[in-house]
Structures are given as C-alpha cells and as structure tokens.
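Notes for the one structure printed next.
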Amino acid sequence: MSTLFRTTSGGRIDRATTVEFTFDGQTLTGHPGDTLASALLANGRHVVATSVKYGRPRGIAAAWAEDPGGLVQVEEPFPEPMLLATTVELFDGLAAHGLPGQGRLADVPDSARYDAVHAHVDVLVVGAGPAGLAAALTAARAGARVTLVDEQSEAGGSLLGGTDRLDGAPALQWVAAAVAELARHPEVLHLQRTTAFGAYDDGFVLALERRTDHLGTAAPKHLSRQRVWRIRARQVVLATGAHERPVVFADNDRPGTMLAGAARTFLHRYGVLPGREAVVFTTDDTAYDAALDLHAAGVRVQAVVDARPGGSPQRREQCERAGIRVLSGAVVTGTRGDERVTHALVAPFAGGEVGAAGAIGCDLLLVSGGWNPAVHLFSQVRGRLRYDAGRGAFLPGEELDGVVVTGSAAGVADLAGCLADGQRGGRAALARLDIAPTADDRLPAAPDPVVPAAPLVLWRVPDTSGAEGATSFVDLQRDATVADIARAVGAGLRSIEHVKRYTTIGTAHDQGKTSGVLTSGIVAELLGVPVQDTGTTTFRPPYTPVAFAALAGRDRGRLFDPERVTALHDWHVAAGAVFEDVGQWKRPRHYPRPGEDMEAAVLRECAAARTGVGILDGSTLGKIDVQGPDAAVLLDRLYTNLMSSLKVGSVRYGVMCGVDGMVIDDGTVLRLAEDRFLLLTTTGGAAKVLDWMEEWAQTEWPDLRVHCTSVTEQWSTFPVVGPRSRDVIGAVFPGVDVSTEAFPFMTWRDTTLDGVPVRLARISFSGELAFEVYVNPWYAVAVWERLLEAGRPYGITPYGTEAMHVLRAEKGYPIIGQDTDGTVTPHDLGMAWAVSKKKPDFIGKRSFARPANADPLRKQLVGLLPVDRETVLPEGSQIVEFRADGRLPAPPVPMLGHVTSSYRSAELARPFALALVKGGRERIGDTVHVPVGGTLVPVEVTGSVLVDPEGARRDG
Amino acid sequence: MTVQSPSTARTPRTTRTPGADLPDQPDSLWRSAEPRRSYDVVIVGGGGHGLATAHYLAKDHGITDVAVLEKGWLAGGNMARNTTIIRSNYLWDESSAIYEHALQLWEGLEEDLGYPILFSQRGVLNLAHTLQDVRDSVRRVEANRLNGVDAEWLEPDEVRKVCPVVNTSADIRYPVLGATYQPRAGIAKHDHVAWGFARRADQAGIDLVQDCEVTGFASDGDRVTGVHTTRGTIAAGTVALCAAGSTSVLTDMLGIRVPIQSHPLQALVSELLEPVHPTVVMSNAVHVYVSQAHKGELVMGAGVDSYNGYGQRGAFHVIERQMAAAVELFPVFARAHLLRTWAGIVDTSPDASPIVGRTPYENVWLNCGWGTGGFKATPGIGSALAHTIASGEPHPLVAPFSLDRFVSGALVDEHGAAAVAH
Amino acid sequence: MQLIACPWCGPREEVEFSYGGQAHVPYPDSPAELSDEEWAHYVFFRDNPRGRFAERWNHNAGCRRWFNAIRDTSTYRFESVYRLDDPKPVTP
C-alpha cells in the first residue's frame, strides 16, 4: 500500500529513507521519525485494536501517551505487550499487531540489558517544551547543575506539533538553538526519550531512558536497552505540559475520532493527514488551529461544531476567511460508520438541551473538550490539586518545597506565557538555591497572545441515541461508559474511588489520562455536587508503564544478591564440591567422589573426622573484634553466660538471647587481651550480631568504652578435626607444643608459618580432638594445602557443611535457626549451664521469669532414634503420640513437636534425629510416632547427645 | 439514525481473550446512611473486617442495631489495597485454625453473599530456596495435614507442572528447591468481597456510615458509652475496633496501649496479559508474591517499608527490589509493565499474629495486628468477632490471640525460623 | 525515597539507613523488679502515633551510628535529627 495520507513535504521525518514494517501481518512502509501510529495513519489505517469488553474496533485517538485507543503488541524484534502505537518509534523490521485488551509475554528470556544510574543535580527540569527549555536555559545560564529530561525523541514539546514562530522564525529553530546552548554547558545533562515516571520525597525523581528501542535490530548489544535514572534534585521544575480532553458522546470510540491537537501533531510533526474530510467538535478555541491547519493542508473541513452558544467570534472570522463552516451552539451527538467514522451526527445545543441531529459526512472527527494540565508528578509528590471551574481542570493547588510547576502544566495557555512562565520557574528554583540568574537570560520573542473566547466545560453530550449512555465511552481502554457511571451512582456509590472501582475507569494502560477528569465531572453532574468535592482519584507512579526488567536492572541472576565466597572457593570447585547457599555465602555441602551420592559422601566424610582427620572451610563464620576497657562488660550484658571471667588465652562458648529471652545466636569467644575479645558467630547471624552489639553499646550504654568491628573477611578459618588432627597440626606447626597439657581444650595460641601469623584454637564442634586454624585469607590456599599435605598420611578428608551437621548433631550441638526458630530459650536447648546465675542481669534474663517459660510442656531439644534403625526422618516432620493401632486419627491431631535435624550416622550405624518435643526431657525413653509419607514411624525419645556423652574424645 | 449497540458491534478482527473482563456489579449496593444517635453495636472501621463482622452479627446472631463507621470511603483502606491472596497453610495450630475457618467460609461466601466475589481456588505455592526453607516447609506441610489443612510438598519438577513459568533451573541466584502447595488456596476480587458484605449488611438494616471519623470516646468507668465522630456523638452498647493500621489512633484515644506498629506496605499491578500464571506463588527468600488476577493483570506485593508510616505510600527502592525478584523468579515477566503502585498501612504485631479480644473496657473489643494476613481472614474473623460480640466471650478461635499473651509470653510466633545460621 | 540527614554524615539516601522504632525507651534499671506486665511493656509495646514521632535510626551503610529523629509518620517528613546524647527537641 502506498502512503496515501502522507503530505508532500514538512514534518520531522526523514523522507529520504523508507523503512518497512508489518502490522497485523501486512507489510507497510514509513520513515525514520515516524511513530507506529503516524506510519499507520500515513497508510490510511485508523483501526488498530479491538476493545476489551465489547470487541469494538478502536483506533488512534491521540498522538502520545494519553492515547486510549491504539494498543499494540510488538512481536519483532522481541515480543513486548501492551504498547501504544503512538509511542513506538518506527524502525525497519518492526512487527506488531493490534490488541484485544490483553498483551502477550514472550516465552523466551529477554536477553536485553537494563541498568540504572544515579544523578544528583541542582535543578531537574521535566519536559523540554517551551516552558521546560526556558527553565533549563535560565538555570543552566546561571551555572546550576541541570538535568533536562523529556519523553519524546526530540525536544520541542508542543512546538513539534504546531506552526509557532519565535524571533520571527519557525519555533523549532529556537528549540535547536536552545538545545545546542544547553549542550555547551558542561553541567547540563539533557536526555530525550526519557520519561520521568515517578516523583518522590526530597526531589527524588525516577526517569526511564529508552536508549535503543528506536534502533530496532540495529541496537548495539553492548548498550543497555533501557536505563532507569534515579535523580536526586535540589529543585524540580515540572514543565510536563497538558493533555487534551475529549468530550463524551454516543459512539465516540469509532476509529477516525481523534483529539484535535493530536491531528495537528500528526500533520506538522509527521507529515500525515489523518483524514480527507474532517468535522471538528470543540468547546474551546484551541481546536480551531487544527481545523485551519488541516484545511490549509488540503483536508476538507466540513464543519467546526462549537458547543458554545456564541462560539468564538475571532475564530469564526478566521474560519470564514478560509471558507470553513462554523456551527456555534451545536454538538456532536454521535457517529456513524462501519469500522471507521463516516458521519458525525450534529445537533443544536442550547441550555443543556440537544435538538434534532443531522449527519455530516467525514472520515475524521476531531474533538476538543479543553486541556488537563499534566499534574501527575506534582500529585505523586503529594501536591494538592485545586479544581478550576472555568476551564474544567485540576491545577496545582499549592506551592511545594522543592517543586515548581510551570507552563501549561500550571495552566498557562499560550506560547509567550509558557516561555515566560518557564523562565519564572527556572528563576524560582534558582532563588531557592540562592543562585542568581544571569543578566543575559533572554527569552525569544513570541507573538502577542490572542485572548481566547471563554471555554465551555462540557463533559458529555446528552445521549439522544436511545442507548442511554451505553455507547458513550469515558474510558475507551476499559470499555467503560456514561451508563456505567450512572449505574455506579445509581447503586449508591458516592466516592470517586468507588466509582472508579465499580466501572474500572482509569485502571487501564493509560491510567485514565483522558478519562479521569471526565469521570470526576460526570459523577459530580450526576450527584449534583461541585467537581471540587468529587475530586480525582489519586495519581500514583508510574506516570507511564515501565517494563519490569528495566526496574530490575542489573540485579538479576548472580547479581540479584551478592555472592560471597571464601578464599578457598576455587579450590572447592576444583575438588568437585556441591555447594549450599548459607545466607549470601556459597559453602561446600559435601565433596562427592565419582559414583558417590550425598549420603555416601557424607558418611565417608564423617567417618574420616571420627576416626582419622577431616578438614572444613569454616571461614564463613562471623568474626567480631571487640576492643576497649569495657569490652568484657559489654559481653557480660549480651551473653547469657559470664565472659569477664574468661582468661586471656582461653575460649568460651556463649549464647545470646533477645530481650524476649529467645536464643538469637551462639558461638565461641576468644579472649585476646584484657581489653580485647574475638567473637565467633554463626555464618548467617554475623551481621545481625554486630548490629545487635552496636545498638546496645551506642543507644543504651554509651558510657562503655568499647568498639566492635567485623573481621569476618580478615580471617580464613579451618577446623582440623579428628583423632589424628594433633599429628597434622604438630607437623605443620612444629614450634607449637600441641600436647593436651601445653595446649588444653578451649585455649588458643598464636604462631607463625613461614613468617605468616597464624592463630590456633582448641575448639570442637564435633566432640573430636580438633584445632581451628586462623590465617589471613591471602595465605588461605597455601595454609590449607600445607594442612592437606601434612594430613595425607592420615587420609585427611575435606568435609562440607552436611558432615559438619551430622558430627555436631551426634553431639547434640544445636544449630541456631535450624534447631531453634525464635521461640526457643537456652533452657529449652538444655543449656541451663550456659546461663549465668551470678550475673544480676543480662539481655533476656528477665523474660525467663515469665509464666510461659515455666510451662512444663515447653518444647525441649531431645534426640530421636527411629526404632526400625532404618528410617531417616525427614527434617520438619511432626511428632505425635504413639498410636497403638499404628494409624493416625482424623484431624486435628495434637502435635508434640517436630524434627529439627535428621541424619544417618556412620558412628551410630543408624539414623538419628534432633527434635523439639513438648516436655521432651521428661519423655526420654518414651516411644512416639512420626508420620512419614502416610505411615507412622515409631521413634524412641533420647537425650540429645548420642555420641561420646562423656566427652572423652575431645583431647584425642 | 441507528445506534450500534455493543451487542451488535461489528465482529472484531481479533477475537478478545475470554476472561479479560469482570462480571457486572449489581445495580444496588448500599445506602449512604446518616448516623443515628445510638446503636447497640458500633463497629469502628468500614473495611473488610468491620463489614464482615456486621454481616455475621445480622446473619448469625440477628443483631442489626449496628453502625459501621468509616472515616473515608467504605473498604478504602487495606481492603482496597491488598493482593487478595487467600490461604490457611499457617504453621501454628492457633493460626491455621482461624485461617482455615476463614477458608471454609470463603468456599461458601459467593452463595452466602449472593455476590460474584470471584473466589478462585487456584492454589498457592510457597517456594523454598534454601535447605532451611525446605525444613520449614516440610514442618508446615506436616503440621497443616495433621490439622486437616490441605498441604503438599512439591519437588521442583512438580512446581514446574503447577506453574510452568517459575524458573526452576539452577541458573538463578537462589534455586527453587521445592515448594509447599495448598490447592484450596486462591484469590478473590477484593472490592467485590467488601461490597458483597456491605450490601448484605445494608440489606439487614445495618447503617454503613462513610466520611465519619471517630474523634474520641465517651466513657463511664470501665465502659465506653459512646463515640465522638466528625458526624456527631453516637451512643454505643458495644464497640468493636476494626481499624487495622489506624488502630493505634483509636486506642490512644482510649488510653489503651497495643503492641502494634503501622508500616507502609506497597503493592503493584501490571497491564492485562494473556494467561501465563495459573496459581499463586509466594517466596520469602526471593521476596515475591504474585498471582495473575481475573482480568489478566499480574498482582504483586512488595516488602514492608521499614519505618512507621500512615501515609499510604512507600519508597521506590522497595518496588525496584520487588521487580528484580519477580524477573529473577519469572524470567518471562521481563517485558511486562509496571502499571500502577500503591500502598496500604499494615498493623504489625511482635509475633506476626493478630491481636483480638478484650480490652480494659468491658464493652470494647479489639481486632488488629493482622499485618499482611487481614484479607484472607476476612470472613473468619468477621464470624468469630460477631460471635464474640454477641456472646460477650472471646470465640475459641480468637482466644489465643488475646492482648495478655504479651505479658505471659505465650506468643503465637509466625515469624518462623530466623535466617539459618551455621 | 527520602534524603535523611545523618547528624554525622549529612544528607544521605534512605537506603543507607535502618529503622529502630521509638526513641527514648531506656532499658529498665532493674528488670528483675518489674512486674510481668511492666516488663512486657518494655519488650513489646511501643508508641505508634499518626503524626510526630521521636524515633531511632541507624546509618547502617554509612557511619553505622545511631541517632534520633523527630519525623511525622503521616507525611514522613523529618522535622529534626539529633544525636543520642542530645535532649529530645522541644516541639512547638
């Protein structure tokens, strides 16, 4: 199809280049600079989509993001649902089709990149129309750091869609000069194709830059497709313009019906005639420009239908000179047509009464019901709106700190006014920043504005079609009509929020840009209350829809959350470790040998630690260096047990509770000096414990002279575990006397290895003789390999977290967060021995005395032994009373507790478990049942320490 | 002149996707009542809980001399702002009992209310991403089953069968290790639910009074005698507080301390999309909860904003984090668009369980602290609170949630296991 | 997203901070002497006003110092920030 509706010249398109695209499977052509909408119109195509509820044809009704009609699905180069044809820039190879209300997601991953950038500026100007450019120039000339964002492909705003002149030349020459001048200021960042979509407190504005969308398949892969700008501005100037508002009448959704200003934009910016024969229906003067311009471009303007009784004398005169018929005191009451409009039905209108209609033939029906300032961002940042009854619009109703609204967004109607107001806005922002404007801050000369005739506020034309408003569409995207609003009001609804929800008006893709104020007006009319009282629904971010992936940015996959690895990670990978996520850490869970499953590997690893020697990478354990004369005082207040009595050179296990008396973390404490301790925390609890300590030290006990620092990353830690660990340590550190007498359990020593400082500690999380080796991570691999080398004669075996768990569970050592769940006290864990009775107070102590803590049925940590010696109870299994018949009764079945840890034990040659059981310690020796996959498994309740309860092995 | 009515509109060239629209709302909803001077029962808060309580007072107990006072528009608070997930697969006996009671009522609610509430039992998956998640999940599934709540543990391949768009590959920061599944769980249309309750209550003669903010209470000893409002003073035989995030404002007037904190909680919605997501997916570790609502929009809840706030708005970085989690778990969502964000005010309690029951005033009942669980509890708490008001004794289902549990220490701690630590 | 004025570092992005709830709730001098009810109020009960609130913040991703602030919970606006050893500002 040839582009029959393209003008022969003009517009901002590159006529020398033709691009091919497909729409609904049909191959069409357009030019760079087109949008999909303008290219479709140039091909004579108005019908784009079908409506969501009634399946009615819908066309392009506006020229940018306020369009309620032209919803499309892009298929090539990559599927993207629910875009507006008016905002999709045309490129070669674009394939799209119209939508029936729902979009379609791609079923393949999106390989495009997305990112985010922060910007900190003095003045952010949103909108590069006349007001925004004037504001940006004023601020830039004064030396302010300025960012100017604009959603279109080029600057100019409303000037792109008109014939205005500035300084006696086409206004776009001034725009070009302004852009060039801004580019010369080093502190100015000017972004086009960048939509400010969210405004938040303290000048925080989010904007989406579409960097490569307009390039189609030619988009360079290395560039992010879209970028979120997180802009923190000391002052925000909103020059966001205004949206034209339609008037509602019967069958106003018929394709070919379009906002008047949009038709002007299609003509001047894109060189497209949206039709051949036009009727223009208006309630104010601005639509006359469309009539006159289209007429000048060769469109037969059949009539201007002006609802105002007296019309506009000066505009009538202009039309008469051009030979355009003006019908004042008349309205469009409906349309005719198959898919596209063929006739406008025009009737006299006086005193709110509609007379008999006549049909006027047309293929284009332009409508203007006035202008709604684009106050979305102002409202998002909690600016109050006020209703202006004269123009039927909501305007910014207050001054906000840090926000200035200028131009048509503030209700200024004419070009000269917008320029001056933009400058005023720029200067207002500067004044708040104590920056003086420059003397040469010159505005271009604009023609004197002509005072327009007063507009008429008309929300809807009374429906004379007999449909009672059922085809008078308020929200085209939601297929919501005047009849729907009337039903909502008739049902008893009074709040605009209720009406919105009843009718779903304003909830579609366009978020009610054209329908919102209309709804307020119509509801007010139906209820007989002022529009100010009805108000609007709340404007919420985003201003226009933003792709999920754009907001996700780089925070996906490995970057979704930081991945923490130890200094030995590469070694683990090479050794074939299977990893487990523990907090943000990657920890080896086990090291399977060829042919081994996890169970076999873990049994082997455990056996090595119990009978020979094993080695673990324990570097992820949290480590906190606590220093200061009052370090011991702080620890005494935070641990349940006494730490001040710990001797330098010794180690003590400790438990921390919350104020509510529940265990929050545990670990060992090394006393390094009178005024210095090294705390070991759980891997997952490290940050939490440091926060906890700092909170108490700073907020409650600022008198304590103590400081806490995380040193987790400063020490690699390797427990060397098992009866042969002494041989290994002795061999690697010949200068250290590793005998039990010289190096007793729960003590530490500093030594060196080839000049590298190393700390050794006799700490055991397995019950076996064990030495923990601490070294700077820089030397971790070397020391680890030295230990492996020395251990080779004893079959030293690296083991992972799973074997570690088995070994500790066999000894009844709980894992905080696995064997506890925030409802467990030290007493519940059988750790009364770790709760000081000497200290008058510590965090959590008072809560132990609450009534619920004395409940004999509190859950206590015990061991479980499946009687069949075979079943490994699933962790998390619930425990019930023994049922003689071996069957579960009907629910609800009382539960006694649950299995917290469960493993197969090499040492015990049977499976075992730890569990929290009501009154558990009183039930040792009882048999209870654990439901497992439909059967009841009998288990014996035992003490929690199943291996070496005497503690005979710790010294080897 | 002929008018083309919607039904005779020309056959569209593209057929519309079924289900992209909702059933019509009824032609009559409720009167906007003028408050009378006195009621047997005054319910403060015209959200889901207040309206449901009113409905069950009339239906189950024949008590209709009732006013529901709403400071703004009916059901305009959290009821209008939640993500409509309904489930009862809570860990503790006390919690699963009240939520399962609610779920059973949900199952008959459409009929009870005579209103299309669009209750869709499409199931909910709670994903596990760490070994500790798996343990906690199994623990909850087993507890649910013993309590008669439907629950299953699903391996990753089974998760994929229920919801094919979940990324169950290893190519993800926190791989999906499985999920709990409650088939009877689902979603409903929140406004329809609220309006269904409101309409029934109105039909029973209960006054639903909007734009009526409580400004104080009149009391005599340990009884409250009436409420002062922006629309006059109203005498009350019994008062029930159903004000969710605004509860503290009321209890401050009464001089009662309640351990709740009000936080912004944001949610968001995409444009309408063809069906891709057949169930409800929730994940704590990769913080997402998402369903595809009736018209085709993806509805998601974000994390709670950290600070106390009554502003019904939150910070955008919370939304960005939510989007990252969504795309991480559902790669096909990449080019779905964020259409709208909003926020409610959630009243969080120290143990993440509600606070329901007596107050120091003998005729004032408290109902708050539901946090993120309020919507799903709506019919359950409505019926239990109505019973409580009618009988003067806490219903057994709410008895464990009394205010004095914070003194005794007998909490119902639904925070579950802390981050695993070893 | 707000800009929060850390008393030591100056204005920083909200994401750098963590929230600490109500300020000026001292740890009791002698917890053992408190009744269960008094103790419960210290542990669990905090004010939750709509409007001006004295609360604790921590510049967690910055200087890691705690400080206090007066903030309006309905507008979220910070009225003042002050160090822990500063007296609570007298509000008009």
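No lab work stands behind these numbers, since they all come straight from the coordinates. Please read all numbers here as calculations on a predicted model, not as lab measurements. Neighbour counts run over all protein chains shown; Cβ positions are idealised from the backbone, glycine included.
From the Cα gyration tensor of chain B, with a ≥ b ≥ c the square roots of its eigenvalues, which class applies: rounded if a/c is under 1.5, or else prolate if a/b is larger than b/c, or else oblate?
Judged from the Cα gyration tensor, chain B comes out oblate (a/c at least 1.5, b/c at or above a/b).
First select every other residue whose beta carbon is under 12 angstrom from the beta carbon of A:Gln860; then total the charges, Lys and Arg +1, Asp and Glu -1.
That sum, taken over residues with Cβ under 12 Å, equals +1.
Taking +1 at the Cβ of each Lys and Arg and -1 at the Cβ of each Asp and Glu, which of B:Thr388, B:His49, B:Gly314 sits farthest along the dipole of chain B towards its positive end, judged by Cα position relative to the Cα centre?
Working it through, the farthest residue towards the positive pole turns out to be B:Gly314.
Kindly express, to the nearest 10 degrees and within the range 0 to 90, the angle between helix B:93-113's C-alpha long axis and the longest C-alpha principal axis of chain B.
90
Just to confirm the filter: which GluC sites (Glu not before Pro) across chain C are DSSP coil and have at most 10 other Cβ within 10 angstrom of their Cβ?
Counting only loop positions with at most 10 other Cβ atoms within 10 Å, none of the GluC sites (Glu not before Pro) in chain C qualifies.
Mind putting a number on the dipole of the range C:3-82 about its Cα centre? Charges go on the C-beta only, +1 for Lys and Arg and -1 for Asp and Glu, and I need it in Debye to the nearest 20.
Dipole of the range C:3-82, to the nearest 20 debye: 480 debye.
What average count of beta carbons from other chains do you get within 10 Å of the Cβ of residues in A:497-503?
5
For the range C:36-63 and the range A:221-267, what is the separation of their C-alpha centers, rounded to whole Å?
Their Cα centres are 45 Å away from one another.
Going through the range A:132-227, which GluC sites (Glu not before Pro) have at most 15 other Cβ atoms within 10 Å and a DSSP loop state?
Sites meeting the loop and neighbour criteria: A:Glu187.
Before rounding to the nearest 500, sum -39500 (n - 2.57) across all DSSP H runs of length at least 4 in the protein assembly as shown and divide by the residue total; then give [θ] at 222 nm in deg cm²/dmol.
The per-residue figure over the protein assembly as shown is -6500 deg cm²/dmol.
If r is the Cβ-Cβ distance from C:Arg64 to A:Asp703 and R0 is 25 Å, what FRET efficiency results, to the nearest 0.05?
0.85
Among rounded, prolate and oblate, which fits the range A:622-710 when a ≥ b ≥ c are the square roots of the eigenvalues of its C-alpha gyration tensor, a/c under 1.5 means rounded, and a/b larger than b/c means prolate?
Rounded, because the longest to shortest axis ratio a/c is under 1.5.
Within chain A, which is the longest segment containing none of the trypsin sites (Lys or Arg not before Pro) that sit in a DSSP loop and have at most 15 other Cβ atoms within 10 Å?
By the stated rule (loop sites, at most 15 other Cβ atoms within 10 Å), A:16-220.
Over chain B, with a Gaussian network built from C-alpha contacts below 10 Å, which listed residue (B:Val209, B:Val407, B:Val304) shows the highest mean-square fluctuation?
For chain B, modelled as a Gaussian network with Cα springs under 10 Å, the answer is B:Val407.
For every other residue with a beta carbon closer than 12 angstrom to the beta carbon of A:Pro629, add +1 if it is Lys or Arg and -1 if Asp or Glu, then tell me the sum.
Residues near A:Pro629 contribute -2 overall.
Give the angle, between 0 and 90 degrees and rounded to the nearest 10, that separates the Cα long axis of helix A:415-432 from the longest principal axis of the Cα atoms of chain A.
Compared with the principal axis, the helix lies near 30 degrees.
Using a Förster distance of 30 angstrom, determine the FRET efficiency expected from the C-beta separation of B:Asp220 and B:Glu393, and round it to 0.05.
0.85
What is the sum of charges around A:His222, taking Lys and Arg as +1, Asp and Glu as -1, for the other residues whose C-beta is under 12 Å from the C-beta of A:His222?
So the surrounding residues net to +3.
Quote the charge dipole size of the protein assembly as shown about the Cα centre in Debye, to the nearest 20; the model charges only the Cβ of Lys and Arg (+1) and of Asp and Glu (-1).
My answer is approximately 1300 debye.
I need the chymotrypsin sites (Phe, Trp or Tyr not before Pro) found in the range A:752-842, filtered to DSSP loop residues with at most 15 other beta carbons within 10 Å of theirs.
Qualifying residues, ordered by number: none.
By residue number, which cysteines of chain C lack any other Cys whose Cβ falls under 4.7 Å from their Cβ?
If one checks each Cβ against the other cysteines of chain C, C:Cys63 turn up with nothing under 4.7 Å.
Given R₀ = 51 Å, what would the calculated FRET efficiency be for A:Val711 paired with B:Asp252, taking r from the Cβ atoms and rounding to 0.05?
Given R0 = 51 Å and the Cβ-Cβ separation, E is 0.65.
With a ≥ b ≥ c the root eigenvalues of the C-alpha gyration tensor of the range A:403-463, is it rounded (a/c under 1.5), prolate (a/b larger than b/c) or oblate?
oblate
Using the charge dipole of chain A (Lys, Arg: +1 at Cβ; Asp, Glu: -1 at Cβ; taken about the Cα centre), state which of A:Val88, A:Val248, A:Val305 has its Cα farthest towards the positive end.
A:Val248
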